[in-house]
Amino acid sequence: MSDAAPATNTETRHRGLQEELKELVDVVGPVPLVDLLLERAFEVGATDIHFDPSSEGVNVRLRVDGMLHEILELDGNTSPQVISRLKLMGGMDITEKRFSQDGHIANSVLRDQRDIRVGSGPTIYGERIVLRLMPSTSTFNQIEDLGLEEDQLAALDSALRVPHGMVLSVGPVGSGKSTSTYSFLNRLNEPNRSLVTIEDPVERRIDGTIQIQTDNKIKFGFVQALRGVLRQDPNVIMVGEIRDAETAHIAARAALTGIQVLSTLHAHDTGATIDVFREFGIPPMFIADSITCVIAQRLLRMVCPKHRETFQPDSATLQILGLNPDESGDVELVRGVPNPENFGTGYAGRTGIFEVLRIDEQIREAILHGHSSKELTNIAIQHGLQSLEQSAIKKVLAGVTTVEEMHRVLM
């Protein structure tokens, strides 16, 4: 990494990042510039770095708390050197610019920082590079830190104590599904269990588990890996993602034969998850008996803890929150104050909102009788299910986030 001294505090890092990098562009080569950029990206908690080409050069943006922020523009003379440096670090062919490539920057190269996945591809203005900063290999979110309500946490704990069946985390891209699944795996990681993960790619190294990375180039995908693992006496299998019918069928059968399966799935909510399995052609009895719990989730930005203010909401906002304006005159909400420390957004950090569906006898019967996802959700709500919207409203009323952020994520 660069020898430049780190900033003394978070606010200084945020405020000075653009100026610091702009000053260096003209006086240092691509190696120290790239090294410093990666170092600062880790410091501010970025998850991705985008190098987007334009007619003028390359625009560099950081994704922090799910939002992209412009931090630097590289001119046409500097940008090719920076792109080449990143491709070299990622073990990619710097002469090949016509096709997409995938690369990997190991943490050994970054002096024990996290691994980085590199993706490149051609555009009309030249090559685009996106870096994915992988999660820390040494820290794991505890289930208690994800943002679950107490009753949701109790339902999830109950599901994880069942030694068989599927526990599924569902939601769109970037909703925190992998983080949740790793926390479930961490809870189950004990010496008396055989834990195996099948991932694409392996995001975190976990002591005490066997981790397998798929490779579609040699036709070793989730299906092939899962079939092999089932012959190796596992207690717990984590499948990175259920993407197709064949993987879903094998995972369901494994869950029915005494193995605990953790996985993720793209579905809007808990009820829609059952529809996805139906579309995969899995019989209703297999669905009802193999799935023990479905956790739908989203990530909401939290109001900056240092720069915030309270206010009294108007009647329209109270109605959105399900409150009677005539009886809620003393309700106070919180909103962030834009500041360089929070990239001018008023938010800092993210928390999860959840919808936790335990497959109890009522839900099982509804699945067997072919009830729609909406009907399943209504039955679950009658038995205490807290929806994603209700979870978000609780976070707003608790001063964790804002109505605007709730609308951005859920509407």
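The values are calculated or read from the model by the stated rules, or taken from the named source; none is laboratory data. The model shown is predicted, which means the values in this text are computed figures rather than measured ones. In this analysis, Cβ positions are derived from the backbone assuming ideal geometry, glycine residues included, and neighbour counts consider all displayed protein chains.
Structure summary
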quantity: Count of segment 353-362 residues which are without any contact (Cβ under 8 Å) to a residue 60 or more places away in the chain and outside any loop (DSSP other than H, G, I, E, B); calculated: 2
quantity: Those residues of segment 228-241 which are more than 22 Å from residue 183 (Cα to Cα) and either buried (at least 16 other Cβ atoms within 10 Å of the Cβ) or not assigned by TED's automatic domain parsing to the domain that holds residue 282 (or both), in sequence order; calculated: 230
quantity: Some residue of segment 210-231 being in contact (Cβ under 8 Å) with a residue 12 or more places away in the chain, closer than 25 Å to residue 142 by Cα and not in a strand (DSSP E or B); calculated: no
quantity: Options 61, 40, 85; residue that is in contact with a His (Cβ under 7 Å, 6 or more places away or on another chain), on the phi < 0 side of the Ramachandran plot and not assigned by TED's automatic domain parsing to the domain that holds residue 341; calculated: 61
quantity: Tally of residues being assigned to a loop (DSSP other than H, G, I, E, B) and among the aliphatic types (A, V, I, L, M) across segment 239-273; calculated: 3
quantity: Extreme residue, farthest from residue 402 (Cα to Cα), among residues of segment 304-327 that are surrounded by fewer than 17 Cβ atoms within 10 Å (Cβ to Cβ) and either in contact with a Lys or Arg (Cβ under 9 Å, 6 or more places away or on another chain) or polar (S, T, N, Q) (or both); calculated: 324
quantity: Residue within segment 381-399 that is part of a helix (DSSP H, G or I) and at pLDDT below 95 present; calculated: yes
quantity: Total residues in segment 199-209, condition under 17 Å from residue 117 (Cα atoms) and assigned to a loop (DSSP other than H, G, I, E, B); calculated: 6
quantity: Considering residues of segment 104-124 that are modelled with pLDDT of 95 or more and surrounded by fewer than 17 Cβ atoms within 10 Å (Cβ to Cβ) only, the residue farthest from the chain's Cα centre (by Cα); calculated: 124
quantity: Some residue of segment 242-249 being within 30 Å of residue 101 (Cβ to Cβ), among the basic types (Lys, Arg), in the same structural domain as residue 192 (by TED's automatic domain parsing) and surrounded by 15 or more Cβ atoms within 10 Å (Cβ to Cβ); calculated: yes
quantity: Residue in segment 159-177 that is closer than 23 Å to residue 43 by Cα, surrounded by fewer than 19 Cβ atoms within 10 Å (Cβ to Cβ) and either not charged (D, E, K, R) or not assigned by TED's automatic domain parsing to the domain that holds residue 387 (or both) present; calculated: yes
quantity: Residue check, residue 402 buried (at least 18 other Cβ atoms within 10 Å of the Cβ) and of a type outside the set (A, V, I, L, M); calculated: yes
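Table: residues versus (1) farther than 21 Å from residue 46 by Cβ; (2) in a strand (DSSP E or B); (3) not acidic (Asp, Glu).
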site: 297; (1), (2), (3): yes, yes, yes
site: 309; (1), (2), (3): yes, yes, no
site: 319; (1), (2), (3): yes, no, yes
site: 322; (1), (2), (3): yes, no, yes
site: 334; (1), (2), (3): yes, yes, yes
site: 338; (1), (2), (3): no, no, yes
site: 344; (1), (2), (3): no, no, yes
site: 351; (1), (2), (3): no, yes, yes
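Per-residue answers, yes or no, for (1) of a type outside the set (Asp, Glu); (2) crowded, with 20+ Cβ neighbours inside 10 Å; (3) not in a loop (DSSP other than H, G, I, E, B):
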{"residue": "40", "(1), (2), (3)": "yes, yes, yes"}
{"residue": "50", "(1), (2), (3)": "yes, no, yes"}
{"residue": "59", "(1), (2), (3)": "yes, no, yes"}
{"residue": "62", "(1), (2), (3)": "yes, yes, yes"}
{"residue": "72", "(1), (2), (3)": "yes, yes, yes"}
{"residue": "82", "(1), (2), (3)": "yes, yes, yes"}
{"residue": "85", "(1), (2), (3)": "yes, no, yes"}
{"residue": "95", "(1), (2), (3)": "yes, no, no"}
